[in-house]
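Here is the structure we will look at.
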Amino acid sequence: FLPSANLAVNVTRDFIVRVALAKVMARPQLGNLSPGGSINTTGNLTIAVGNPFLEPFRAKTADASFEWYFGKNALLGVGLFYKDIGTYIQNLRTTIPYNQTGLPLSLLPSNFTGNEQFQVTTPVNTSGGALKGYEINYQQPFTFLSGIGRNFGTLLNYTYVKSKINYLISPTATTTISDDLLNLSPKSWNATLYYDDGKFSARVS
């Protein structure tokens with residue numbers, strides 16, 4: 001059951017406030033759900049295996065935006081967002097003897113005994129954490145210029161995100177550490193200069 005609600009209010013003709021609340025879910029990647037995996041017995045001894053018992057990503061989200069349309073095709077907007085991530089998926093690596101992995105000895109070369117230490121990596125669920133931030137958008141056509149300059153314009157965006165996600169550090173303990181969400185930049189920005197005369201358009205970002 002994933003309820004959601006969206007509300008938009010025209011405070012004035014040129015100023016809109018939007019609010020959204022939702023409970024969301026995203027399935028794990030199919031590769032993470034696969035019970036199969038891979039084993040490396042040359043060089044670094046590693047095993048990578050999926051987890052078919054993974055729970056999906058789950059979160060409760062809240063968003064609000066304030067948009068001022070101060071001219072034709074012109075916008076100044078501020079957005080606020082908060083996500084309470086209740087279920088997260090991380091890759092957990094541990095080092096154990098091969099004979100404790102549950103895999104058959106037949107997968108090993110003939111000169112292995114099964115007591116060799118392997119680094120085993122598998123996806124697991126964690127308790128997630130909070131993510132919040134804001135976004136600023138500015139769109140301005142240069143209609144105040146004369147001649148060909150009136151056909152130019154700009155789009156600017158800046159986003160700031162702060163996150164604290166709980167990560168497991170051992171498969172046999174409940175101890176966690178809190179750190180930023182992986183692969184998410186805390187600060188990002190975009191700038192675009194465009195030209196559009198109705199017949200020809202181009203942009204550089």
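Quick notes on this structure:
- Just one of the listed residues (188, 163, 178, 106) is out of contact with any strand residue (DSSP E or B) (no Cβ under 7 Å at 6 or more places or on another chain) and among the hydroxyl-bearing types (Ser, Thr, Tyr), namely 106.
Okay, residues lined up against (1) exposed (fewer than 12 other Cβ atoms within 10 Å of the Cβ); (2) free of Cβ contacts under 8 Å to residues at least 24 places away in the same chain; (3) part of a loop (DSSP other than H, G, I, E, B); (4) touching a Ser or Thr at 6+ places or on another chain (Cβ under 8 Å):
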| site | (1), (2), (3), (4) |
| --- | --- |
| 25 | no, no, no, no |
| 39 | no, no, no, yes |
| 48 | no, no, no, yes |
| 54 | no, no, yes, no |
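- Residues that are open to solvent by 40 Å² or more (accessible area, probe 1.4 Å) and aliphatic (A, V, I, L, M) within the stretch 56-84 comprise 76, 78, 80, listed in sequence order.
- Single residue of the stretch 95-116 satisfying the filter (among the polar types (S, T, N, Q) and touching a helix residue (DSSP H, G or I) at 6+ places or on another chain (Cβ under 8 Å)) that is surrounded by the fewest Cβ atoms within 10 Å (Cβ to Cβ): 115
- So residue 87, is it among the polar types (S, T, N, Q) and either surrounded by 17 or more Cβ atoms within 10 Å (Cβ to Cβ) or in contact with a Pro (Cβ under 9 Å, 6 or more places away or on another chain) (or both): yes
- Answer from 66, 118, 70 - the residue that is in contact with an Asp or Glu (Cβ under 8 Å, 6 or more places away or on another chain), part of a strand (DSSP E or B) and among the aromatic types (Phe, Trp, Tyr): 70
- Residues that are under 13 Å from residue 74 (Cα atoms) and of a type in the set (Ser, Thr, Tyr), drawn from the stretch 141-172: 143, 154
- The requirement of being under 30 Å from the mean Cα position of the chain (by Cα) and not in a loop (DSSP other than H, G, I, E, B) is fulfilled nowhere in the stretch 97-104; no residue meets it.
Results for (1) assigned to a strand (DSSP E or B); (2) in contact with a His (Cβ under 6 Å, 6 or more places away or on another chain); (3) at pLDDT 95 or above; (4) open to solvent by less than 50 Å² (accessible area, probe 1.4 Å), shown as yes or no for each residue.
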| position | (1), (2), (3), (4) |
| --- | --- |
| 134 | yes, no, yes, no |
| 138 | yes, no, yes, no |
| 143 | no, no, no, no |
| 148 | no, no, no, no |
| 155 | yes, no, yes, yes |
| 158 | yes, no, yes, no |
| 171 | no, no, no, no |
| 183 | no, no, no, no |
| 198 | no, no, no, no |
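The values are calculated or read from the model by the stated rules, or taken from the named source; none is laboratory data. Just so it is clear, the structure is predicted and the values come from calculations on it, not from any experiment. Cβ: placed from backbone, ideal geometry, glycine included. Neighbour counts: every protein chain shown. For the accessible areas, the whole protein counts, side chains as well, though only heavy atoms, and no ligand, DNA or RNA atoms are used. Shrake-Rupley method; radii C 1.70, N 1.55, O 1.52, S 1.80 Å.
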